[in-house]
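**Student:** Here it is, the structure in full.
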Amino acid sequence: MRTIKTPDKNECDMTMTEKISSADRNGGRTTTDNRRGDAGTFDKLYGGAVDSLLEIPIRSSFVETTAGNPERPPVVVFQGGNITTPVTLAWFQALADEYYLIAPDTPGQPGKSTSEEPARYSNWVREILDGLGIDRAAMIGSSHGAGILLETATQIPERITKAALVVPAGLNTTPSLDISQTLSPTFFYQMMPQRWLLRQALAPIFTEQPKNVDPIVIDTIGWVLRNQTLTTTFPGPTDLSELSGFDAPTVVVAGEEDPFFPGNQVRRRATQALPSLVDCLTLPDERHFLSPAGQIHTTQRIRKLFAN
């Protein structure tokens, strides 16, 4: 196990999955990651996000190692799409005072996991839990990660104690017309990577003005836009009726002005599809990337769910 920071009482486990080469007859193993492009720059951005955004100590481990604090309930946090785990985890890190946060790098997403998407994300989630010796856990999914959580809810619902879906994919919503405002500047930024074009591309999806967002977040997204194939499809149940048997208490948090997953659509679909929905909170004037105030409000609502 590689230790990034010394664990303490508020430790979070950031877990990378390891790919075993089936062709290696001598028991050796090959680790691949999803850092196409300038891997050195990506490593600096990933480490920079850990140092700049996360105030809690973390450690890094592969699923073959044991991890977890039996004194605190585990919470698995699934990263958003086209962004790294530290950026997602920063939204929820305040929960580390009561819970043991486990944040796996998603296969196929920017991070230190394999670049290959699993055939079924639910199988990957099962392997994460089994590898860490966790029978059941509360789970948080943000954006793409919410789709993973929902897919898991249809396949192995017994492994989920409570669920929080934040600006969620996976509910078969459709983007609003506002998403068109980001397409042209994104294309031109990929051709001519200038900072002002990047900020223009991100403005429709950030609640705050991009110039006021931590530079490591903007730099990470810029690297992804220049070096990765962007995720345009999302995990989740094909038919929302597959969620009819999911009985874990669930909270949904949507951004009213989210161009990817509009708040009104999320509320309608969540109310119809989730039989154990405790609350569907729509944050006024919030877009896909929540403001600091929106992140705090979201974490407080999740804390209330987990406490009950």
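The values are calculated or read from the model by the stated rules, or taken from the named source; none is laboratory data. Just so we're clear, the structure is a prediction, and the values are computed from it rather than from any experiment. Ideal geometry is used to build each Cβ from the backbone, glycine not excepted, and the neighbour counts take in all protein chains shown.
**Student:** Pull out all pairs, ordered by first then second residue, where Cβ-Cβ is under 7 Å, the residues are six or more apart or on different chains, the first lies in the stretch 125-154 and is in the same structural domain as GLU98 (by TED's automatic domain parsing) and part of a strand (DSSP E or B), and the second is of a type in the set (Phe, Trp, Tyr) and surrounded by fewer than 21 Cβ atoms within 10 Å (Cβ to Cβ).
**Tutor:** ALA138/PHE306
**Student:** Buried (at least 18 other Cβ atoms within 10 Å of the Cβ), touching a Gly at 6+ places or on another chain (Cβ under 9 Å) and within 23 Å of TRP124 (Cβ to Cβ) - does that describe any residue in the stretch 203-215?
**Tutor:** No, the stretch 203-215 contains no residue that is buried (at least 18 other Cβ atoms within 10 Å of the Cβ), touching a Gly at 6+ places or on another chain (Cβ under 9 Å) and within 23 Å of TRP124 (Cβ to Cβ).
**Student:** Right, another one. Which condition number in (1) free of Cβ contacts under 8 Å to residues at least 24 places away in the same chain; (2) polar (S, T, N, Q); (3) assigned by TED's automatic domain parsing to the domain that holds THR186 is the one that THR238 fails?
**Tutor:** Condition (3) is where THR238 drops out.
**Student:** Something else now. How many residues does the stretch 258-288 contain that are part of a loop (DSSP other than H, G, I, E, B) and surrounded by 19 or more Cβ atoms within 10 Å (Cβ to Cβ)?
**Tutor:** So the answer is 8.
**Student:** Let me ask you something else. All but one of (1) modelled with pLDDT of 85 or more; (2) farther than 23 Å from VAL278 by Cβ; (3) β-branched (Val, Ile, Thr); (4) outside any helix (DSSP H, G or I) hold for THR161; state the number of the condition that does not hold.
**Tutor:** It fails just one condition, (2).
**Student:** If you don't mind, another one. When you scan the stretch 217-260, how many residues do you find that are under 26 Å from GLU116 (Cα atoms) and of a type in the set (Gly, Ala, Ser)?
**Tutor:** Adding up the residues that qualify gives 2.
**Student:** Tell me, yes or no, whether the stretch 289-308 has at least one residue that is free of Cβ contacts under 8 Å to residues at least 60 places away in the same chain, surrounded by fewer than 21 Cβ atoms within 10 Å (Cβ to Cβ), more than 20 Å from ALA138 (Cα to Cα) and not acidic (Asp, Glu).
**Tutor:** Yes, the stretch 289-308 contains at least one residue that is free of Cβ contacts under 8 Å to residues at least 60 places away in the same chain, surrounded by fewer than 21 Cβ atoms within 10 Å (Cβ to Cβ), more than 20 Å from ALA138 (Cα to Cα) and not acidic (Asp, Glu).
**Student:** How many of the residues in the stretch 168-194 are among the aromatic types (Phe, Trp, Tyr) and in contact with a helix residue (DSSP H, G or I) (Cβ under 6 Å, 6 or more places away or on another chain)?
**Tutor:** Looking only at that region, the number is 2.
**Student:** Filter the stretch 189-201 down to residues that are buried (at least 18 other Cβ atoms within 10 Å of the Cβ) and either among the basic types (Lys, Arg) or touching a residue at least 60 places away in the same chain (Cβ under 8 Å) (or both), then give me how many there are.
**Tutor:** Residues flagged as buried (at least 18 other Cβ atoms within 10 Å of the Cβ) and either among the basic types (Lys, Arg) or touching a residue at least 60 places away in the same chain (Cβ under 8 Å) (or both) within the stretch 189-201 amount to 1.
**Student:** If the requirement is being more than 18 Å from GLN228 (Cβ to Cβ), in contact with a Phe, Trp or Tyr (Cβ under 7 Å, 6 or more places away or on another chain) and either surrounded by fewer than 19 Cβ atoms within 10 Å (Cβ to Cβ) or modelled with pLDDT of 70 or more (or both), which of these qualifies: ARG120, ARG72, ARG29?
**Tutor:** ARG72
**Student:** Determine if the stretch 160-179 includes at least one residue that is out of contact with any Asp or Glu (no Cβ under 9 Å at 6 or more places or on another chain), among the hydroxyl-bearing types (Ser, Thr, Tyr), within 22 Å of ALA137 (Cβ to Cβ) and in the same structural domain as PRO73 (by TED's automatic domain parsing).
**Tutor:** Looking for residues that are out of contact with any Asp or Glu (no Cβ under 9 Å at 6 or more places or on another chain), among the hydroxyl-bearing types (Ser, Thr, Tyr), within 22 Å of ALA137 (Cβ to Cβ) and in the same structural domain as PRO73 (by TED's automatic domain parsing), one finds at least one in the stretch 160-179, hence yes.
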